[in-house]
Structures are given as structure tokens and as C-alpha cells.
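Please read through the structure below; I'll follow up with questions.
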Amino acid sequence: MTPIDSPAPPGRFARLRGVLRALYHGRSPEAIHFRLGVLVIDFAIIAFFIVAPVLRDTAAFLAIDYAIAVLLALDLVARAVSWRGLRSWIRQPIVWVDLFVLATLLAPQLLFNLGFLRILRLWSLFHSEFFWSTVGRRYDDTRWEDVARTLSTLVTFVFVVTGFVYTGFAGTDSGVEGYVDALYFTVATLTTTGFGDITLPGTAGKLLSIVTMIVGISLFARLAQTLFRPNKVQFDCPTCGLQRHDPDAVHCKACGTLLKIPNGDD
């Protein structure tokens, strides 16, 4: 092959895309270690989001806020570049959540009243394949994945409602004086304990309490269902598409097709 016929070397962007794709989607030890580092940073960011209402008046808050915005922006750009196509990447609801969280970080004063929604990052993390292909590989597509996702939804809901109560009712005659009071009210309402020492005033407060109780009971029921239902493995039947089967299933219960379910120990 002559030099003229030899393929041109890939450009810088193509090389960068290849490296990022290997790190974000590869199975090499280096890729796993990289993604574990990213997840540690993600959990640290989520911890900051949880305590942010308490730290909002400190001098270092804005500096930490903007530093997290830079980290999240770099991570989003890297994920977009490593994905198979920008259009399919941007259509994912998880990406929309992360973009909204980034907006609250870049404009903390403008979006002050929506800052409590940053905890949605917890939900997007536990519902991403990035997490399950890294930490939860052994439990991917099992009951424990459903349990973790349902539990993350419940915890996210608790802190979203807590943030809403703190933002909208703190300082009123509701009895909510601080973030802990808002969390206490949310948990008491969600579990339908209802001690009555903190009540949200007005029609909006009553409606919020009703929604919290109804959604909370539904999430608890969903969590109990995922914990105690019979163990199933997820495997798409090639004929009828049934996804859940008994771990030792040989034939699909719906259509009788011979199944070849991989051994979960591999």
C-alpha cells in the first residue's frame, strides 16, 4: 500500500471521542476505575445539594456552586461526545434533568426558588445505565436494581417536597422555621403520622399535604412490591417479548419458546 492509498489518521475530535467512549462505555479496568471516580464525585455533589439550604448563606456557597456547575458541564459534554449520536442523547429524560440542574447551578440567584429540584440528580443517577454498568453490574436487570431505583425515587421525592415546603412556607405561621422542620413535616405527612404540630396554611398547603400523602403511600407500596414479589430475571423472549422469567426457566410461560437465559454468575 502506497502512502497515497493509506487511510488518513483520525482527527483530534475523533481520537477524543474514541477515548471518551472507551472510558464511559468500555469494560476495561481503566474504564471501570474512571467511572467509579465519576460516581464518587456525583455522590459528593448530591450530598452538597441536600445540605445546600443550610449552607446557602455562607461565604463559600457560590464558589462551590459554580465549581460544581463546571464539573457537571464537563461531564455532560463528555457524555454527549461519547454517545452514538447527539440527537438520541438529548432525547433522554435523564439528560433533561441534568441540564435543568446545570441551569440552577449557573443561575443560583435567578432560579433560587427551584434550587431544591437539584436533588433530582439522585434520581437520574440511579436510573442511568452508567451507574448500573459500573457499580451495579452484578445486580443489573435484577430485583435489586428495581429496589434501588424505587428507593432512590422515594428519597428524591422526600427531599423535593422538603425543599418545596422550606422554600414556600418557611417563616409563615405554619411552624416551619428551618430546613429540619420542613424535613420533619414531610416525613410525618408522607408516613401519614400527622402529629399536627406543623401544618401548612391555606389551600396550597392542604393540597401539598394531600399530594404528599397519596404519592408517599404509592411509593411505599411500590417499594414493598419490589422487595417481596417472587424473584425474576430480565430476559427478552425472542418470540413474544416477555421480559421477566423465573431464574431457572427453560421455556417462556407466555408462548413456550425455548429460552437461553445467561448464567447470572458470569
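The values are calculated or read from the model by the stated rules, or taken from the named source; none is laboratory data. Since we're looking at a predicted model, the values are computed, not measured. Cβ coordinates were reconstructed from backbone atoms using ideal geometry, including for glycine residues, and neighbour counts include every protein chain displayed. Ligands, DNA and RNA are excluded from the accessible area calculation, which covers all protein heavy atoms including side chains. Shrake-Rupley method; radii C 1.70, N 1.55, O 1.52, S 1.80 Å.
Could you count how many residues in segment 108-139 are more than 21 Å from ALA182 (Cβ to Cβ) and either within 12 Å of the chain's Cα centre (by Cα) or modelled with pLDDT of 80 or more (or both)?
Residues meeting the conditions: 10.
May I ask you to say which residue of LEU102, LEU20, LEU36, LEU16 is within 23 Å of TYR166 (Cα to Cα), assigned to a helix (DSSP H, G or I) and in contact (Cβ under 8 Å) with a residue 24 or more places away in the chain?
Within the list LEU102, LEU20, LEU36, LEU16, the selection yields LEU102.
Sticking with this one: Could you run through segment 45-60 and say how many residues are in a helix (DSSP H, G or I) and free of Cβ contacts under 8 Å to residues at least 24 places away in the same chain?
Let us first name the residues in segment 45-60 that are in a helix (DSSP H, G or I), namely 45-55.
Still in the running and free of Cβ contacts under 8 Å to residues at least 24 places away in the same chain: 47-48, 51, 55.
Summing the residues that are in a helix (DSSP H, G or I) and free of Cβ contacts under 8 Å to residues at least 24 places away in the same chain in segment 45-60 gives 4.
So, one more: Could you check segment 162-182 and list, in sequence order, the residues that are in a helix (DSSP H, G or I) and either among the polar types (S, T, N, Q) or modelled with pLDDT of 90 or more (or both)?
Step one: list which residues in segment 162-182 are in a helix (DSSP H, G or I), which gives 162-169, 179-182.
Of everything in segment 162-182, those that are in a helix (DSSP H, G or I) and either among the polar types (S, T, N, Q) or modelled with pLDDT of 90 or more (or both) turn out to be THR162, THR167.
Exactly one condition in (1) surrounded by 12 or more Cβ atoms within 10 Å (Cβ to Cβ); (2) closer than 30 Å to ALA249 by Cα is not met by PHE228; state its number.
The one condition PHE228 does not meet is (1).
Mind listing whichever residues of segment 20-29 are within 29 Å of ILE64 (Cβ to Cβ) and either open to solvent by 20 Å² or more (accessible area, probe 1.4 Å) or of a type in the set (S, T, N, Q) (or both)?
Result: LEU20, LEU23.
Given the conditions (1) open to solvent by less than 40 Å² (accessible area, probe 1.4 Å); (2) out of contact with any helix residue (DSSP H, G or I) (no Cβ under 9 Å at 6 or more places or on another chain); (3) of a type outside the set (Asp, Glu), report the number of the one that SER209 does not fulfil.
Here SER209 clears every test but (2).
Kindly establish whether ALA78 is among the small types (Gly, Ala, Ser) and touching a helix residue (DSSP H, G or I) at 6+ places or on another chain (Cβ under 7 Å).
yes
How many residues does segment 52-62 hold that are surrounded by fewer than 10 Cβ atoms within 10 Å (Cβ to Cβ) and not aliphatic (A, V, I, L, M)?
Residues that pass the stated criteria total 1.
Let me spell it out: the conditions are (1) at pLDDT 85 or above; (2) in a loop (DSSP other than H, G, I, E, B); (3) of a type outside the set (D, E, K, R), and PRO10 meets all of them except one. Which number is the exception?
That leaves (1) as the condition not met.
If LYS232 meets every condition in (1) at pLDDT 80 or above; (2) touching a strand residue (DSSP E or B) at 6+ places or on another chain (Cβ under 9 Å) apart from one, which number is that one?
Result: LYS232 passes all but (1).
Here is a further query. Quick check on segment 63-83. Is at least one of its residues at pLDDT below 85 and open to solvent by 30 Å² or more (accessible area, probe 1.4 Å)?
No: segment 63-83 contains no residue that is at pLDDT below 85 and open to solvent by 30 Å² or more (accessible area, probe 1.4 Å).
Among the listed residues THR142, THR156, identify the single one that is within 27 Å of HIS127 (Cα to Cα) and modelled with pLDDT of 85 or more.
After ruling out the rest, the residue left standing is THR156.
For segment 127-140, state whether one or more residues are assigned to a helix (DSSP H, G or I), open to solvent by 10 Å² or more (accessible area, probe 1.4 Å) and over 29 Å from ARG21 (Cα atoms).
no
Only one of these is under 17 Å from SER218 (Cβ atoms) and in contact (Cβ under 8 Å) with a residue 24 or more places away in the chain: THR186, THR162. Name it.
Going through THR186, THR162 in turn, the sole match is THR186.
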